[in-house]
Amino acid sequence: LNSVVFLTLPVDSIYDSRSERVCVFGTGDLGRSLGLRLLQAGYGVVFGSRRPHSSSSLLPHGAQVLGHAAAAQSAHLIFIAVQREHYDFLVPLANQLKGKVLVDLSNNLKKNQYPEANAEYLQSLVPGAEVVKGFNTLSAWSLQNGPSDANRQVYICGESVEAKQAVIAVAIKLGFSALDRGFLSVARELEDFPLQLFPQWRLPLRIAIGLSAAFFFYLLIRDIIYAYVTQSKDISFRIMVSLANKVCPIVSLIMLSLCYLPGVLASFLQLYRGTKYRRFPDWLDRWMLCRKQLGLLALGFAFLHVLYTLIIPIRYYVWFKATERTVSMIRENRTTQFDMTTAWRGDSYLSLGILGFGLYVLLGITSLPSVSNALSWREFSFIQSKLGHLTLLLCTAHTYLYGWNRFLSSSTYKWYTPPGYMLCLVLPSVVLLLKLLLITPCVDRTITRIRQGWERGADQRNPKDNLSLRHEL
């Protein structure tokens with residue numbers, strides 16, 4: 001029932017736009033934008049309106065405006081660009097609409113607002129017409145500015161194949177790609193599409209917000225509250241920059257690790273099962289589908305970390321402490337010796353951070369559809385997998401150099417708690433170690449064979465079938 005079928009049809013064989021007229025019921029923003037696009041594509045457009053004379057000044061030039069009954073008789077394909085609560089005017093037109101194709105463009109304000117889909121309700125009001133749900137996922141803005149400025153996909157459903165073919169032909173003529181989703185019972189699902197708000201971003205956003213809140217309060221207790229309780233020092237001003245500049249890189253590194261952890265787990269699961277022909281668990285499948293969003297959010301936190309770091313030299317607190325230290329050394333006639341180890345550590349720390357952030361940006365750029373579409377699958381896989389793991393390695397090494405040997409000092413563990421950077425190193429270190437195991441020759445060879453179709457135990461179960469499989473490969 002919900003099968004997806006792509007239809008590629010010659011437009012002129014179904015609908016001749018130069019001779020055929022189409023009708024639009026509704027003179028609102030959506031109806032006017034659709035009428036304009038139809039006129040630009042060469043269709044003759046007739047608008048049906050309750051007040052034909054008062055509406056003509058608002059409509060696109062070249063369109064004809066008639067009453068509903070006259071407009072319905074002038075075209076075989078009619079777009080219903082009105083809300084469901086105004087469908088009643090169609091009931092007296094049942095005879096004129098008999099055998100016509102009605103394209104329902106309506107949407108609702110919330111899910112399950114009515115007991116049945118709008119298209120199904122429309123079909124019950126005009127049983128003699130062929131109702132097709134379509135074009136409802138497009139906004140008036142996208143129709144007015146063309147498919148290059150918005151989503152190209154048009155979803156349709158309906159009971160009549162011929163009616164759907166007619167609507168598909170119009171969509172293709174307007175520059176959209178049409179996708180047949182099946183029968184009219186799918187209309188409710190199509191009507192719910194515009195109501196979804198970033199559906200693929202919900203889980204990544206929850207993870208990002210949860211990690212940010214958890215580490216913010218954790219570091220607030222360790223840095224701000226600890227100093228106030230034990231030393232009676234009020235350093236609450238550090239919440240705005242210092243604390244934020246600790247939370248952002250921690251969350252960024254953890255979320256980058258979460259991008260590559262599901263792929264590693266999937267490889268070990270295939271290795272354990274000895275086959276690629278078994279579905280992953282639902283939780284792993286959902287996790288893998290949101291890796292792009294996890295990576296883009298991680299890149300956003302990395303950008304914030306870079307910006308916070310760049311403003312550190314101009315902070316009043318940093319300037320004041322540097323001046324105070326310099327004046328104190330002058331008064332005491334003291335000097336400091338140049339430490340080569342510290343210099344190497346500092347430059348290496350900064351260099352790895354710059355290289356890691358550069359690859360971070362490259363990963364984000366190649367995830368854009370306009371860029372990824374220009375890459376072959378091998379190129380895209382090399383950047384997102386090979387360079388992605390290199391990015392994780394560089395950022396992890398950057399964090400290790402930041403901590404250096406502080407873990408050996410007891411003063412690091414305030415209230416016996418480890419610093420935030422130590423906690424954020426656990427997950428990326430685990431991911432890198434697991435990836436190291438996967439790229440060892442013996443394991444990598446087995447994984448490659450499994451992904452090429454080999455199954456463990458296939459030789460013992462049916463040697464002839466396995467031989468046949470080898471010949472086919």
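The values are calculated or read from the model by the stated rules, or taken from the named source; none is laboratory data. As the structure is a computational prediction, the values presented were derived from the model and not from experiment. No Cβ is skipped: glycine too gets one built from the backbone with ideal geometry, and neighbour counts run over all protein chains shown.
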How many of the residues making up region 208-229 are without any contact (Cβ under 8 Å) to a residue 60 or more places away in the chain, among the β-branched types (Val, Ile, Thr) and surrounded by 13 or more Cβ atoms within 10 Å (Cβ to Cβ)?
2
If I filter region 41-62 down to residues being aliphatic (A, V, I, L, M) and modelled with pLDDT under 90, which single residue comes out as surrounded by the fewest Cβ atoms within 10 Å (Cβ to Cβ)?
Leu58
Every residue from region 165-207 that is farther than 30 Å from Gly44 by Cβ, among the basic types (Lys, Arg) and touching a residue at least 12 places away in the same chain (Cβ under 8 Å):
Arg188
Using the structure shown, decide if Gln113 is in a helix (DSSP H, G or I) and either exposed (fewer than 13 other Cβ atoms within 10 Å of the Cβ) or of a type in the set (S, T, N, Q) (or both).
no
I want to confirm something. Restricting to region 134-148 and keeping residues that are part of a helix (DSSP H, G or I) and of a type outside the set (Gly, Ala, Ser), which single residue is farthest from Ser33 (Cα to Cα)?
Pro147
Going through region 93-109 in order, the residues found to be surrounded by fewer than 18 Cβ atoms within 10 Å (Cβ to Cβ) and within 16 Å of Cys23 (Cβ to Cβ) are Ala94, Asn95, Lys98, Gly99
Does region 69-87 contain any residue that is outside any loop (DSSP other than H, G, I, E, B), surrounded by fewer than 23 Cβ atoms within 10 Å (Cβ to Cβ) and of a type in the set (S, T, N, Q)?
yes
Pick out the one residue from Asn145, Asn118 that is at negative phi and in contact (Cβ under 8 Å) with a residue 12 or more places away in the chain.
Asn118
Determine, yes or no, whether Val131 is of a type in the set (Val, Ile, Thr), in contact (Cβ under 8 Å) with a residue 40 or more places away in the chain, in a strand (DSSP E or B) and closer than 24 Å to Tyr87 by Cβ.
yes
In region 193-207, is there at least one residue being within 30 Å of Glu120 (Cα to Cα) and surrounded by 20 or more Cβ atoms within 10 Å (Cβ to Cβ)?
no
Are there any pairs, at least 6 apart or on different chains, whose C-beta atoms fall under 9 Å, with the first in region 19-30 and among the charged types (D, E, K, R) and the second in a strand (DSSP E or B), and if so, which?
Glu20/Gly44; Glu20/Leu77; Arg21/Gly44; Arg21/Val45; Arg21/Val46; Arg21/Gln64; Arg21/Leu77
With (1) surrounded by 17 or more Cβ atoms within 10 Å (Cβ to Cβ); (2) without any contact (Cβ under 8 Å) to a residue 60 or more places away in the chain; (3) touching a strand residue (DSSP E or B) at 6+ places or on another chain (Cβ under 8 Å) as the list, and Glu159 as the residue in question, which single condition is left unmet?
(1)
Anything in region 170-186 that is among the small types (Gly, Ala, Ser) and more than 21 Å from Gln144 (Cβ to Cβ)? List them, or say none.
Gly182, Ser185
Matching entry among Gly364, Gly356, Gly388 (being surrounded by 14 or more Cβ atoms within 10 Å (Cβ to Cβ) and touching a Phe, Trp or Tyr at 6+ places or on another chain (Cβ under 7 Å)):
Gly388
Where in region 161-219 are the helices (runs of 4 or more DSSP H), entirely inside, with at least 1 residues that are touching a Cys at 6+ places or on another chain (Cβ under 6 Å)?
187-192, 202-219
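Would you kindly identify the helices (runs of 4 or more DSSP H) lying entirely within region 236-326 that contain at least 3 residues that are charged (D, E, K, R) and either in contact with a Gly (Cβ under 7 Å, 6 or more places away or on another chain) or more than 15 Å from Gly388 (Cβ to Cβ) (or both)? Reasoning before the result, please.
Numbers: elements: 242-273, 282-289, 291-310.
Passing ranges, in order: 282-289.
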For region 395-425, how many residues meet the condition of being free of Cβ contacts under 8 Å to residues at least 60 places away in the same chain and either of a type in the set (Lys, Arg) or closer than 19 Å to Thr342 by Cα (or both)?
13
Can Phe280 be described as closer than 19 Å to Leu203 by Cβ and among the hydrophobic types (A, V, I, L, M, F, W, C)?
yes
Could you tell me whether any residue of region 329-346 is touching a residue at least 24 places away in the same chain (Cβ under 8 Å), closer than 19 Å to Leu401 by Cα and surrounded by 11 or more Cβ atoms within 10 Å (Cβ to Cβ)?
yes
